[in-house]
Amino acid sequence: MAKDHPVTDPVAELRANVSVPFERARAMPPSVYTSEAFAQVELDRVFRQDWFCVGRAGSLAQPGDYMTCDLAGQPILVLRDADGGVRAMSNVCLHRMSTLLEGRGHTRSIVCPYHAWTYNLDGALRGAPAMGLNKDFCKDAYTLPAVRCEEWLGWVFVTLNPEAEPVAERLRDLEELVGGYDMTNYTETFFEEHVWNTNWKVLAENFMESYHLPVCHAGTIGGLSKLEDMICPPGLPAFNYHTILKDDSLRIAMAHPSNTRLKGDERRMTFLIAAYPSLLITLTPGYFWYLSLHPKGPGQVHIRFGGGMSDDYADDPDAQQNFFDLKTLLDEVNVEDRGCTEKVYRGLCSDAAQPGHLSHLERPNYDFAQYLMSRIEGAT
Ligand code: FES
Ligand SMILES: [Fe+2]
């Protein structure tokens, strides 16, 4: 007999899913990951409303250094301007609307790749070839529209929402929680972009729980990961986190001897932070790495992946080598995560997909579902 396919309503299913207390909670329903309509709702209610992290301010060191992103379908460029400030603007030409810059790089001005209309770093049109005969054309009337952009502890965020509360307010509790780590004091040494075949939430949730480490990462870091050393407190409105205590087998995961900010267990504590919607930070006293995720439809995720070391280690050449070795390991770990998260997406798309109960080590996943529902329902 043919299987009956009920019409799914992902929002209603998610509402029912998050109405259960954590002690009885299940994973989010499959439709929340696989539905095209829900993916559109997320763009409108999540990615158009919240702050999105494009990377580290230190990677825009010189005037003219830039990076680009697509946020909820809007091409945006972020750059260090001539006055030394970080600013964001539309990455769409004001002539026949080509996109302007791509990826990351350095430029003295923003030159459109189509007909070379050329903009200053503040977005004002500097010049346009062969436009003198159009009687209405006035160069001064053209400036690339600004996009809200804020720096916070070395991170650069953009938003399309003029009403969004400032990042520093939204993440104030996080700043307090990890104040001793002084995130401003970390320098990015690598940045990559990837696309994986999974829903962005599957990857975000994978990051939020370390329950999978012993198994999914059996080939790399799994043996070092003890479930009993993981602490998963309830999340806060704008982020969730859990912590792992590391031993000193990896020196650069420990606080540098010159670091007097961190005390006691914090000197060997790794924070895994999920700042909603999609900035995922692994923060150790010695190094950090992060993912900033954006959906590409329900079935793909665009990943901004960067990291580096605490400046406490800047004068320690061995540590830089250790970090380089760690990056090689991280790449192997990522191959494992890619395998697991792409398998989850394939499973989610099957008729057999049924959400099971959550472990106490998946508390952050529960909090993430609550956040998602609050955004979809329009709460701030
Ligand atoms: S579209 Fe940019 S110069 Fe023509
Ligand atoms: Fe993982």
Note to self: Among the residues of the range 55-68, are any in contact with a helix residue (DSSP H, G or I) (Cβ under 6 Å, 6 or more places away or on another chain) and at pLDDT 95 or above?
What the structure shows: no
Check: What residue, among those in the range 323-338 that are over 18 Å from residue 188 (Cβ atoms) and within 10 Å of ligand 2 (Cβ to nearest atom), is surrounded by the fewest Cβ atoms within 10 Å (Cβ to Cβ)?
Finding: 338
Margin query: Can you report the number of residues in the range 102-115 which are assigned to a loop (DSSP other than H, G, I, E, B), surrounded by 13 or more Cβ atoms within 10 Å (Cβ to Cβ) and within 12 Å of ligand 1 (Cβ to nearest atom)?
Written below: 3
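Restricting attention to the range 250-285, which residues are assigned to a loop (DSSP other than H, G, I, E, B) and without any contact (Cβ under 8 Å) to a residue 40 or more places away in the chain?
First, pick out the residues of the range 250-285 that are assigned to a loop (DSSP other than H, G, I, E, B): 250, 254-263, 276-278, 284-285.
The answer is 254, 257, 260, 284.
Per-residue answers, yes or no, for (1) modelled with pLDDT under 95; (2) within 14 Å of ligand 2 (Cβ to nearest atom):
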| residue | (1), (2) |
| --- | --- |
| 205 | no, yes |
| 233 | yes, no |
| 277 | no, no |
| 285 | no, no |
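Conditions (1) in the same structural domain as residue 36 (by TED's automatic domain parsing); (2) free of Cβ contacts under 8 Å to residues at least 24 places away in the same chain; (3) farther than 30 Å from residue 36 by Cα, marked per residue:
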site	(1), (2), (3)
318	yes, yes, yes
326	yes, no, yes
332	yes, no, yes
343	yes, yes, no
351	yes, no, no
371	yes, no, no
Note to self: Every residue in the range 172-199 that is in contact with an Asp or Glu (Cβ under 9 Å, 6 or more places away or on another chain), assigned to a helix (DSSP H, G or I) and buried (at least 17 other Cβ atoms within 10 Å of the Cβ), please.
What the structure shows: 181, 183
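Out of the residues in the range 116-137 meeting the condition of being among the aliphatic types (A, V, I, L, M) and open to solvent by 80 Å² or more (accessible area, probe 1.4 Å), tell me which one is farthest from residue 61 (Cα to Cα).
Filtering the range 116-137 for residues among the aliphatic types (A, V, I, L, M) gives 116, 121, 124-125, 128, 130-131, 133.
Subset that is open to solvent by 80 Å² or more (accessible area, probe 1.4 Å): 130, 133.
On the way: 130: 35, 133: 40 Å.
It comes out as 133.
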Next item on the list: With the condition kept exactly as written, say whether any residue in the range 151-159 is away from ligand 1 (no atom under 11 Å from the Cβ), of a type in the set (Gly, Ala, Ser) and either out of contact with any Lys or Arg (no Cβ under 6 Å at 6 or more places or on another chain) or open to solvent by 50 Å² or more (accessible area, probe 1.4 Å) (or both).
Entry: no
Item checked: Which listed residue is in the same structural domain as residue 295 (by TED's automatic domain parsing), open to solvent by 20 Å² or more (accessible area, probe 1.4 Å) and more than 16 Å from residue 368 (Cβ to Cβ), from 94, 43 -> 43
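The values are calculated or read from the model by the stated rules, or taken from the named source; none is laboratory data. From a predicted model like this one, the values you see are computed outputs, not experimental measurements. Glycine also receives a Cβ, built like all others from the backbone with ideal geometry; neighbour counts cover every protein chain displayed. Side chains are part of the model used for accessible areas, which takes the heavy atoms of the whole protein and leaves out ligands, DNA and RNA. Shrake-Rupley method; radii C 1.70, N 1.55, O 1.52, S 1.80 Å.
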